[in-house]
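Input: a single structure, listed below in structure tokens.
Read-outs: derived from the displayed coordinates by stated rules, not from any lab. In this text the structure is predicted, and so the values were computed from the model without any measurement. All Cβ positions, glycine included, derive from the backbone under ideal geometry; neighbour counts span all protein chains shown.
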């Protein structure tokens, strides 16, 4: 009972933080209440069912916790607004607690499918809410609500596509066709948001998945199934692409791409943000200007819209090396698992997570990972996957 209640609170947490408060209203301290609740229930469950009450703390989470401590310690000397520093770091630590929760529940269940399915359902509801009740944002872009950012909405849907591909049952034809239809709907909605980076990332994700992952599934099909599947995919793809192309050419996204481009240099504001971030870094290369302080000091009065610009300007070279060392550990573990299990489903899953990481590294140019709950859910899925698989290998 405690265990199921804990999982229910996690579902409520992601729906409240990403969907409910954007559509309706905010409830004071609700993310903290839900987050603490799911952790407390998990601890109580473990204490009541086993003598071993220890929890796993993988290296990436340990590093990010140490990064938080470093950001606080250095920030006390360089930050101009100490209360803003402490509040921002407290929020970030809450996100890390969520990552810790996902990893430990996955280890207990010996699988992270609960979280993949939860996020997938969340993203589908998010998408249909946008399609039926979404609002028109500035420039004719579709958004979840008047309070939400179309770019953030598109990222939520992009990660939903990844979860769909991870859950895809390639043994059953009807499920493949259903999944292709959903991918088409996700793509359509992302086009309507007008988000350039999410659209490019979607194309990148799907292309790599079909080239590197689907061919692994293709090898195990019989000749007859290959012929049927190929015919159906060609027909559906032709129909879907012909429809999406016409929608794309008439969309705000298309005009944003041809008029403004999608690189940093093609956007004068984003380019200015990068230059300003480098200026802050040059002024204090070791410690930066203080965690989440770019938005306080910038002439743009907002965050830098880039993981790389934000981290180097706010925490300096030391913070940057600390934070990204966790990425290196995640990539190393996924690649090692991929190499050791070649020819198995585990290897294909490892490759899928490596593709996700590559997509997120590219997205890092235009989004900030460590402020975003959904980005950190994706990191948690990566860590939990290789941690579970490593535990399975040790037990054999």
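So what does log10 I(q)/I(0) come out to for the stretch 16-174 at q = 0.08, 0.09 Å⁻¹, using the Debye formula with one equal point on every Cα and no solvent? The computed values of log10 I(q)/I(0) come out as -0.34, -0.43. Fewest neighbouring Cβ atoms within 10 Å first, the residues 22, 310, 283, 109 line up as 283, 109, 22, 310. Its convex hull of Cα atoms gives the stretch 35-78 a direction-averaged projected area, equal to a quarter of the hull surface, of 4.3 nm².
Report the relative contact order of the stretch 289-377, percent, no decimals, based on alpha-carbon pairs under 8 angstrom and at least 6 residues apart. Value for the stretch 289-377: 30 percent. The Rg/Rh ratio of the stretch 50-123, with both radii computed over alpha carbons and Rh defined as the Kirkwood radius, is 1.11.
With the Kirkwood sum run over all distinct C-alpha pairs, the stretch 285-396 has a hydrodynamic radius of 15.4 Å. Convex hull of alpha carbon positions in the stretch 1-72: directionally averaged projected area 6.5 nm².
Relative contact order for the chain: what is it in percent, counting Cα pairs under 8 Å that are at least 6 residues apart? Result for the chain is 21 percent. Based on the convex hull around the alpha carbon atoms, the stretch 90-136 presents an average projected area of 4.5 nm². Once the chain from residue 278 to residue 12 is taken as fully extended at 0.36 nm per residue, the excess over their C-alpha distance is 91.8 nm. Dividing the mean sequence gap of close Cα pairs (under 8 Å, 6+ apart) by how many residues the stretch 1-98 holds gives a relative contact order of 28 percent. Translational diffusion coefficient of the chain (Stokes-Einstein, Kirkwood radius from Cα pairs, 25 °C, 0.890 mPa s): 110 µm²/s. Computing FRET efficiency as 1/(1 + (r/R0)^6) for residue 33 and residue 361, where r is the C-beta to C-beta distance and R0 is 41 Å, gives about 0.75.
Available extension along the chain between residue 111 and residue 65 is 14.1 nm, counting 0.36 nm per residue and deducting the alpha carbon span.
Note on residue 131 and residue 391: the extension gain reaches 89.4 nm, defined as 0.36 nm multiplied by sequence separation minus the Cα-Cα distance. Consider all pairwise Cα distances in the stretch 264-311 and report the whole-number % of them above 11 Å. Summing the P(r) tail past 11 Å for the stretch 264-311 gives 63 percent.
Using the Cβ-Cβ distance between residue 335 and residue 94 with R0 set to 25 Å, the FRET efficiency works out to roughly 0.25.
To the nearest 0.05, what FRET efficiency results for residue 238 and residue 43 with a Förster distance of 51 Å applied to their C-beta separation? Efficiency, rounded to the nearest 0.05: 0.45.
Ellipsoid semi-axes for the stretch 142-205, based on the Cα gyration tensor and the rule √(5λ), read 24, 11, 9 Å when sorted largest first. Here the convex hull built on the C-alpha positions of the stretch 90-221 has a volume of 127 cubic angstrom per residue. Residues within the reach of a label modelled at residue 167 (point 7 angstrom out along Cα to beta-carbon, backbone nitrogen below 19 Å), restricted to the stretch 360-387, are 374-385.
Reported value for the stretch 334-382: 65 Å³ per residue, from the convex hull of its C-alpha atoms.
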